[in-house]
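All remarks here apply to the structure that follows.
Bear in mind these aren't lab numbers, they're just calculated from the coordinates by the rules spelled out. All figures in this text were calculated on a predicted structure; none of them were measured in a lab. No Cβ is skipped: glycine too gets one built from the backbone with ideal geometry, and neighbour counts run over all protein chains shown.
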Ligand SMILES: [Cu+2]
């Protein structure tokens, strides 16, 4: 059953100007604790124009059997680079989050292990479709990463304290969406009235799973 967000909207008194605003969103897990690595996206309300996106080209590394960072946020059209810092091979496979388990992949390639003193083997891919992409490795099932491909320039993940701050947001009605890798259902978008200083608390039903500990010995081959 889809539970609507309960929204506590607190609008601080600010100068009544038409300037861009800062929106601070705090996302909470099911048990009320801060929820890190949740992606917060603000989109113009229906009928409003979406501004042009500035593509980025971040690098996601594979190190000690993990993707770093575990969650990335990029605008649609960004070219994401991958680098394998481990001394053994990894795959980079990616596909729409939620469909990966059924074997649906959008891309995949293998990166050789890094040789001491040499640049790490790398590859890159352009992500031109909006939505969450799940990353994995065929060789190591515990490796998991995510890239949220945003259709909006206002998208950022929450910090360790569950806070996402979005800057330069135009004032007025905006649609706010929250996504998390461990969510079991899509969260319904909510509408917020952005003013000079806007803070929003978003409770969710997400209970993040504990990071799986991988036995790791430096120098081992996998
Ligand atoms: Cu691997």
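Using the Cβ-Cβ distance between residue 46 and residue 209 with R0 set to 41 Å, the FRET efficiency works out to roughly 0.75. Gain on full extension, evaluated as 0.36 nm per residue between residue 68 and residue 189 minus their Cα-Cα distance, stands at 40.8 nm.
The Cα atoms of region 111-168 define a convex hull whose projected area, averaged across directions, is 6.7 nm². Classify region 15-86 as rounded, prolate or oblate from the Cα gyration tensor: take a ≥ b ≥ c as the square roots of its eigenvalues, call it rounded if a/c is under 1.5, otherwise prolate when a/b beats b/c and oblate if not. Because a/c hits 1.5 or more and a/b fails to exceed b/c, region 15-86 counts as oblate.
Express in nm, to one decimal, how much length is gained between residue 161 and residue 182 on full extension, taking 0.36 nm for each residue of separation and deducting their alpha carbon distance. Could the numbers behind the result be given before it?
Values: separation 21, 0.36 × 21 = 7.56 nm, distance 1.71 nm.
Stretched fully, the residue 161-residue 182 segment lengthens by 5.9 nm.
In this label model, residue 55 and residue 130 are separated by 1.8 nm, measuring between points 7 Å along each Cα→Cβ vector. Put a dot 7 Å past the Cα of residue 175, heading toward its Cβ, do the same for residue 85, and the two dots end up 3.8 nm apart.
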